[in-house]
Amino acid sequence: MSDIWRFTSWLPDEPGLDRLGEYCRFVNVDEMFRAWRNAKEPTPSDFPTAQLEITLESFSLDCFIWGANARAYVLASQDLRDAIGPQDVEYLPVDSSLSAPLPRSKNYMIMRVRVVENIFDPDQSDYEIRNIVGLPKNFISAKRMAIRQDAKPTHEIFQDSFFPGIFCTERFAARLLQSRCSGVRFYDPAYLNTNPMYLRSLRGIEEETWDPVQEKYHTKLIRTLP
């Protein structure tokens, strides 16, 4: 399996995206929509403070994505930021004063990973470039990403110079899993948008398969790791 993982937020069935949508919003959504920048672009000096309102009293994920269409933001709790540690990650202020006590206590901030590494080999990867309404122009949809033979990331969490997304090293993934922060998953970039996919969990390597009959994912452990 890979020594590089794709870092992504993961929303469990409860509350699920539809239910969360009833209880979560940016009060200043238009302002946040206009301020959105690709993660490889610098943050403008007048970037607004996100006014986050979560009224779902049981919500306590350490990481989740919120926004409109492709203009979404990664929200990271204080616990997740502490687990990430001293990395080159940018955090932007969030005002959660209108939220219920539990989500307000998570002290969310917007997380932007702007370090860029040259990790993947497009010529050996399986992807296509799409122009779809609501997505950035020339959006890259990857199925399999091949790691360069000479890839040597100098950071534990980073972006790739070609493919979109956030990636990290095995060491970083293992440390965050040990912290037991919720709402994060680490997928093998060699099996993206495939069935099955593979992910790094606290137990080891798990296979995730989509069941079209039950319309849900099933996971099983295929390799334990120390």
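A few remarks follow.
- The residue among Pro15, Gly204, Gln78 whose Cα reaches farthest toward the positive pole of the charge dipole of the chain, with charges on the beta-carbon of Lys, Arg, Asp and Glu, is Gly204.
- Counting Lys and Arg as +1 and Asp and Glu as -1 over every other residue whose Cβ lies under 12 Å from the Cβ of Phe59, the net charge comes to -2.
- Modelled spin-label separation between Thr209 and Ala151, with each label point placed 7 Å from Cα along the Cα-to-Cβ direction: 2.7 nm.
- Surface analysis of segment 68-109 yields an accessible area of 47 Å² per residue, using protein heavy atoms and a 1.4 Å probe.
- Leu225 long-range amide H proximity, modeled H, under 5 Å: Gly204, Ile205
- Cα centroid separation, segment 97-111 to segment 1-55 (Å): 13
- Two-site label geometry, Thr194 and Phe162: point separation in nm, points 7 Å out along Cα→Cβ: 1.7
- Potential extension, Ala68-Asp123 segment - 0.36 nm per residue separation minus Cα distance: 16.6 nm
- Segment 105-226: Rg to Rh, with Rh as the Kirkwood radius over Cα pairs: 0.97
- Antiparallel DSSP beta bridges within the chain, percent to nearest 5: 90
- Charge sum, other residues only, whose C-beta stays under 11 Å from Asn28's C-beta, Lys/Arg counted +1 and Asp/Glu -1: -2
- Reported value for the chain: 140 Å³ per residue, from the convex hull of its C-alpha atoms.
- J(HN,Hα) series, segment 40-56, from Karplus relation 6.51 cos²θ - 1.76 cosθ + 1.60, nearest Hz, glycine and proline x: 7, 8, x, 6, x, 5, 9, 4, x, 7, 5, 9, 8, 10, 10, 9, 6
- Percent accessible area from carbon and sulfur atoms, segment 52-182, protein chains only, probe 1.4 Å: 47
- With K and R counted +1 and D and E -1, the other residues having a Cβ less than 13 Å from that of Leu192 yield a net charge of -1.
- 3J(HN,Hα) along segment 165-176: x, 10, 10, 8, 7, 4, 4, 5, 4, 4, 5, 5 Hz, from the Karplus curve 6.51 cos²θ - 1.76 cosθ + 1.60 with θ = phi - 60°, whole Hz, x for Gly and Pro.
- Accessible solvent surface per residue of segment 124-226, calculated while the other protein chains remain in place, 1.4 angstrom probe, Å²: 59
- Whether segment 145-213 is rounded, prolate or oblate, judged on the alpha carbon gyration tensor where a/c under 1.5 counts as rounded: oblate
- Modelled FRET efficiency - R0 30 Å, His218 with Ser182, Cβ distances, 0.05 increments: 0.90
The values are calculated or read from the model by the stated rules, or taken from the named source; none is laboratory data. Model, not experiment: these values are computed from the prediction. Here Cβ is always computed from backbone atoms with ideal geometry, including for glycine, and neighbour counts include all displayed protein chains. Side chains are part of the model used for accessible areas, which takes the heavy atoms of the whole protein and leaves out ligands, DNA and RNA. Shrake-Rupley method; radii C 1.70, N 1.55, O 1.52, S 1.80 Å.
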